[in-house]
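Report on one structure; see the data block that follows.
The values are calculated or read from the model by the stated rules, or taken from the named source; none is laboratory data. All values reported here derive from a predicted model rather than from experimental measurement. Note that we place each Cβ from the backbone using ideal geometry, even for glycine, and neighbour counts take in every protein chain shown.
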Amino acid sequence: MRSSVVIKSSKAGMTVILDSQIPFSELLEAVGKKFRESARFWGAVQMTLTLEGRPLTAKEELQIVDTITRNSQIEVLCLLDTDAQRIERCEKALNDKLMELNSRTGQFYRGTLAKGDVLESEVSVVVIGDVEHGARIISKGNIVVLGALKGTAAAGMAGNAQAVVVALEMAPTQIRICDATSRFNERNRRLGRGPMIASVVQEELQIQPIKKTFLNNMLNLP
């Protein structure tokens, strides 16, 4: 009998392949059982997670993550999206929405920030280009990079813990939001495919893929 939940591990994290035929309620039970049985094997670890095998809504994805964490000691750092078309659509939606914003919502910078460059802003800033390793962005509001973020981004520098850092490719050296800071080495700088958002949750900095449902709320830049 074929298992309804298959777990595969790799250097990039964990992939869970889900049965596409059984009802979702049964699938959740199977996920819980699978991770309870393998909890000792995995131990207390932090991993990225990829879900494959069936289409899932954002709510269903969260339910699966919750089921995994309740039945094991695994901390899911972020969900990785392997659907190239969905990533492309999300990137386009993000790009289109940002381009609607005018100067009253923040500052636009067109071009790539190279090593040694520093961009400081009193308001939210949108970079239409890349932020290379060794470059820095410092903003009292949000930071949005329509390209690759490989350098340092410091948002919410006026004490705004609600600020966010967004990038189409998230591979930073360091991210700071208000008083929360995370540093990344060469091995773990690439945090996933597609647009990602960094925010402060319960005083800790968290980075996760952007879901379409986040866009309207997130892009109201102060």
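Is there any pair with a first residue in region 155-167 that is at positive phi and a second that is in a strand (DSSP E or B) whose Cβ atoms are under 7 Å apart and which are 6 or more apart or on different chains, and what are they?
Close Cβ pairs satisfying both conditions: 156/177.
I'd like the full set of residues that are farther than 17 Å from residue 130 by Cβ and out of contact with any helix residue (DSSP H, G or I) (no Cβ under 9 Å at 6 or more places or on another chain), limited to region 155-166. Before you say what the answer is, go through the steps one by one.
First pass over region 155-166, keeping only residues farther than 17 Å from residue 130 by Cβ: 155-164.
If the condition is that a residue be farther than 17 Å from residue 130 by Cβ and out of contact with any helix residue (DSSP H, G or I) (no Cβ under 9 Å at 6 or more places or on another chain), then 155, 156, 157, 158, 159, 160, 161, 162, 163 are the ones that fit.
Restricting to region 142-159, name every residue that is within 20 Å of the chain's Cα centre (by Cα), small (Gly, Ala, Ser) and surrounded by fewer than 23 Cβ atoms within 10 Å (Cβ to Cβ). Step through it out loud before you land on a result.
Looking only at region 142-159, we keep the residues that are within 20 Å of the chain's Cα centre (by Cα), and these are 142-156.
Restricting the remaining residues to those that are small (Gly, Ala, Ser) gives 147-148, 151, 153-156.
147, 148, 154 - these are the residues of region 142-159 that are within 20 Å of the chain's Cα centre (by Cα), small (Gly, Ala, Ser) and surrounded by fewer than 23 Cβ atoms within 10 Å (Cβ to Cβ).
For region 29-48, how many residues are buried (at least 16 other Cβ atoms within 10 Å of the Cβ) and hydrophobic (A, V, I, L, M, F, W, C)? I'd like the intermediate steps shown before the answer.
From region 29-48, those buried (at least 16 other Cβ atoms within 10 Å of the Cβ) are 30-32, 34-35, 42, 47-48; that's our starting set.
Then drop every residue that is not hydrophobic (A, V, I, L, M, F, W, C), which leaves 30-31, 35, 42, 47.
The qualifying residues number 5.
Considering only region 167-197, state which residues are closer than 17 Å to residue 130 by Cα and either part of a loop (DSSP other than H, G, I, E, B) or at pLDDT 90 or above (or both). Full working, then the answer.
Of region 167-197, the ones closer than 17 Å to residue 130 by Cα are 167-175, 189-197.
171, 172, 173, 174, 175, 189, 190, 191, 192, 193, 194, 195, listed by residue number.
If I filter region 198-222 down to residues being touching a helix residue (DSSP H, G or I) at 6+ places or on another chain (Cβ under 7 Å) and among the hydrophobic types (A, V, I, L, M, F, W, C), which single residue comes out as modelled with the lowest pLDDT?
Step one: of region 198-222, the residues touching a helix residue (DSSP H, G or I) at 6+ places or on another chain (Cβ under 7 Å) are 210-213, 215, 219, 221.
Those still in the list that are among the hydrophobic types (A, V, I, L, M, F, W, C) too: 210, 215, 219, 221.
Values: 210: 70, 215: 47, 219: 46, 221: 40.
So the residue we want is 221.
Across region 41-63, what is the number of residues that are over 17 Å from residue 23 (Cα atoms) and in a loop (DSSP other than H, G, I, E, B)? Please lay out each step first, then the result.
Taking region 41-63 as the starting set, the residues that turn out to be over 17 Å from residue 23 (Cα atoms) are 41-50.
If we keep only those that are in a loop (DSSP other than H, G, I, E, B) too, we end up with 43-44.
Final tally of qualifying residues: 2.
Checking residue 112 against (1) out of contact with any helix residue (DSSP H, G or I) (no Cβ under 7 Å at 6 or more places or on another chain); (2) modelled with pLDDT under 90, which single condition isn't satisfied?
Tallying (1) out of contact with any helix residue (DSSP H, G or I) (no Cβ under 7 Å at 6 or more places or on another chain); (2) modelled with pLDDT under 90, residue 112 fails exactly one: (2).
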